[in-house]
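Have a look at the structure below before the remarks.
Just so it is clear, none of the values below were taken in a lab; they were calculated from the coordinates. Since we're looking at a predicted model, the values are computed, not measured. Ideal geometry is used to build each Cβ from the backbone, glycine not excepted, and the neighbour counts take in all protein chains shown.
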Amino acid sequence: MLTADLIRPRMKSRSKQIVIDWLPAEPMMIKTAETLITLLTAHIGKTRGEWDAALDATISTRVDYITVRGLAKVLEDAATFTPIALAVDPADVRRHVFGGGMVFERADLFHPKTRAQAIQAAVVHFDMPTEVVERALFADRGGEYLLAEVGQTWSPADLIGRYNLELARGVLYWSSQMRVELRDGYKDFWRYLKLFKLMFEASPLPKGGYHVMLEGAISPFVRQTTRYGRQFAAFLPALFLGERWSMQADIHLPGWTAEYKLDSKLPLKSHFRKSGLYDSALESDFAAEFEAKFGASKRDGWLLQREDEIILLGDTVMIPDFSVTHARDGRRCLIEIVGYWHPDYLRRKVEKVRAAGRRDLLLLVYEGVNLAQERLQDVPGEVLYFVKKPVMKDAIAAVERLAI
Amino acid sequence: MSGTITFQGGTLVLYDVEDAPPPFQMIKGRPRCEAYHYPRLIEWIRETGIRDNVPRWQTLNLKMHDDRPAHDYQIAALDAWDKADRRGSIVLPTGSGKTFVAIHAIQRVGRSALVVAPTIDLLHQWYARLVNAFEIDVGVYYGGEKIVLPITVTTYHSAGDVIAAHGDAFKLIIFDEVHHLPAPSWGEAALMSPSPFRLGLTATYPEDHEQEGTRWRVEDLIGGIVFALKIDDLTGDTLAEYRTQRVRVDLTPDERKQYDDDYAIYAGYFRQHQLVKTHGKFWLNELMRRGSFDVDARAAHLSRQRIIALLAGCEGKLEALEKLLREYSDERCLIFTENNAVVYAIARKHLIPALTHETKAAERKHILEAFSAGEYHAVATSKVLNEGVDVPEAKIAIVLGGTSSAREYIQRLGRVLRKSGNREALLFEVIARDTIDVSRAQRRRPQNVQR
């Protein structure tokens, strides 16, 4: 992520709203992006220090140096710099060499040992060639690390796009709270929420979707804390995985407070990975078979949808795999398939289902599972066991019973 | 009653408990409160039979290897803190052994402890003192290193992160220079910690009016003052005699040309735009701000940077340094430079240790100790030794450059000139003739320093 000094100059405030000075993909910037990509690629195998110097030379007297540095930072973050491979710890080399005492290039009466002799002693001691000893001396400094790879194949447009995403993220460094309205992509949203250790409070929106307030553990007690700003920023690309969402955050800068808004109309791409439509073949097979036999195209059919409802459980959520809605009368029920699992996973799942207390939830559980059946008995809704795959006839009968 | 209480990111959360009393509030479906309430809740937790999952601290079997006897006032301070249920602040004048008191507090408690220091320099100093006192591995958590161990040192800046993740791993938390605590983001860390034992250390406890309008008071976060010793109760250390000497060097013809060219650009801009007149001491910020739209300002700024880089490591200075090092190679010398590049160049050239912000805690400790023991005769450093670091053995300081702040200068002086024996200490200021070095050195020298 970009550092605050690279973000701040590109934030403007207009009537209490934060406006980002987006970087347009116009010819001059495309050219700059191209220059930087080429320059970095040319530095594979060279040190970070050399790259820094080359970057300074490229920027020279450009007045848009903050932008160029920002673009370069995006490239650096994706790249990998590694220390040179050595058989010894550089700190040990230093201890040995420096322990021999201060030296000078030329010897004199009081300083009979020259620098060359001191290095030669280390060459013998460590059994390494002279140049390796010289390099090893400070090989653990960041500036001595070598550029191993650039990390991804960049096009100038990719770089500018990613830079803009980083600007969008960076504004959140100064935020105390994030409020999101989302209408799809629930699963990825909550997956990343958990990953970045954020807390939330969600409530359904009247016309579908959810309002979610994000904050950190201590936020409710310390208003306006920006302690979690970096986590919000880290999380933000998860929002861009969804199709329809909007976001608001309160931004606290020394001397002023403003509002920051973003939504899915913004043409930015997330670099986070979107999860596949189905988690397992079990799910995709079920969906295909269900649609073929009882799908919305049939008479009295059911519309099968993927993860379109969340069950709110205080500080966590459950997102059932499917919902089915009767095409004609609108009756609806949720379906969760429990396939291959670990006992702990199943225990948590059962606890969630119990906590949900939903009578319109159908659990399809793979029998091979060594779960004691009685453990699932006080689960609301219905539980159907299956051996190879769910029996469609039984499933639809259960749906008919449970749907409300 | 069943149910559990758990530490979560700086808060306490109750699971399966109905009707939780204040300070708990229902937030996100569960009763929650700030973790610093924990010690006051212990009794309630016990009475109601709630399972207490909070404490994850360890019992430590600490052997004290620092066998210097404690002063009476240090023992009195510790006893007072013990009597106050091991909470509250000890106010002691600078130089009266606050760290020593804290180390004894850790040993008395014998449980995992977290020390919070204001700066990375002080963090390094705590690290060295703790390792020496207990001869165990000590964790350090700050921007450069993140190692959490049963005894860990962190900075106020990073404390929130350590505590959010590991606050329940420490039974004792010590705040060095505790007067920093009323600052908003710094006090948050104390609020997030469940540690029942808390110790604040300071020479200047915040006055009532200084704490007014702040979000919290030090007393609320760690307890009141349990012991205070006034400055005149102690006799302070006196500084040894010292002498400052200027060494003037010339730029080489090439350097002179580069300097003059850059100076013309830089000075030219300033003749036209009198930033010091219009912006006072913020002239540099203004120059940088203008650099984002005005090519001339940008060029002037870059020229200034090149001038400073040139002066930091010009040949004449390095030659002068070599002469001084040859002359004083039996003494302990500290070399101060403007930037890290020059530190590492000197370290390479003369094969002497470098101390910069890149130096990790363990190696830094080793360098300073080996320097004190006389194993190393010289150490090259940039700005890291600026505050509160003791190197009493240093007899020679060689300043090759540095910012013009008077405070920095005085502290640099103070460090080399700490009394040890009765020999005179020497401070060499190496400056380049006919350059901005001269005026910078002038500014650096506070009026009350003897020549």
* **HN-Hα J in Hz across region A:45-59 - Karplus 6.51, -1.76, 1.60, θ = phi - 60°, x for Gly and Pro** => x, 9, 7, 4, x, 5, 4, 4, 5, 5, 5, 4, 5, 5, 5
* Rounded Å value of the spacing that divides the Cα centres of region B:177-230 and region A:73-132 -> 47
* Structure fact -> If one compares the long axis through the Cα atoms of helix B:98-109 with the longest principal axis of the Cα atoms of chain B, the angle in degrees, nearest 10, works out at 30
* Structure fact -> For the table A:LYS46/B:LYS323; A:LYS31/A:LYS269; A:LYS187/A:LYS389; A:LYS31/B:LYS317; A:LYS194/B:LYS365; A:LYS274/A:LYS349, the rows whose alpha-carbon distance is greater than 32 Å are A:LYS46/B:LYS323; A:LYS31/B:LYS317; A:LYS194/B:LYS365
* Asked: For A:ARG299 and B:ARG40, what is the calculated FRET efficiency with R₀ set at 51 Å and r taken between the beta-carbons, to the nearest 0.05?
  -> 0.15
* To do: Could you tell me what percent of the DSSP beta bridges with both partners in chain B are antiparallel, to the nearest 5?
  => 20
* **Length added when fully stretched, B:ASN53-B:MET26, from 0.36 nm per residue minus Cα-Cα** => 7.8 nm
* Between helix B:361-373 and chain B: long-axis angle, C-alpha atoms, 0 to 90°, nearest 10 -> 60
* **Counted charge near A:LYS113, where neighbours are those whose Cβ lies closer than 12 Å (Asp, Glu -1; Lys, Arg +1)** => 0
* region A:3-128: relative contact order as a whole-number percent, Cα under 8 Å and 6+ apart -> 15
* Asked: Out of the DSSP beta bridges found with both residues in the protein assembly as shown, what percent are antiparallel (nearest 5)?
  -> 50
* **Whole-angstrom gap from region A:165-234 to region A:283-351, using each part's C-alpha centre** => 26
* Report the extension gain between A:HIS211 and A:ALA148 in nm, rounded to one decimal, defined as 0.36 nm multiplied by the number of residues separating them, less their alpha carbon distance. => 18.3 nm
* Taking chain A as the reference, fit the longest principal axis to its C-alpha atoms, fit the long axis of helix A:115-126 to the helix C-alpha atoms, and give the angle between the two in degrees, 0 to 90, nearest 10. => 50
* To do: Return the lysines within reach of B:LYS83: Cα separation strictly under 24 angstrom, same-chain partners fewer than 8 residues apart disregarded; answer none if there are no such residues.
  => B:LYS63, B:LYS98, B:LYS171, B:LYS230
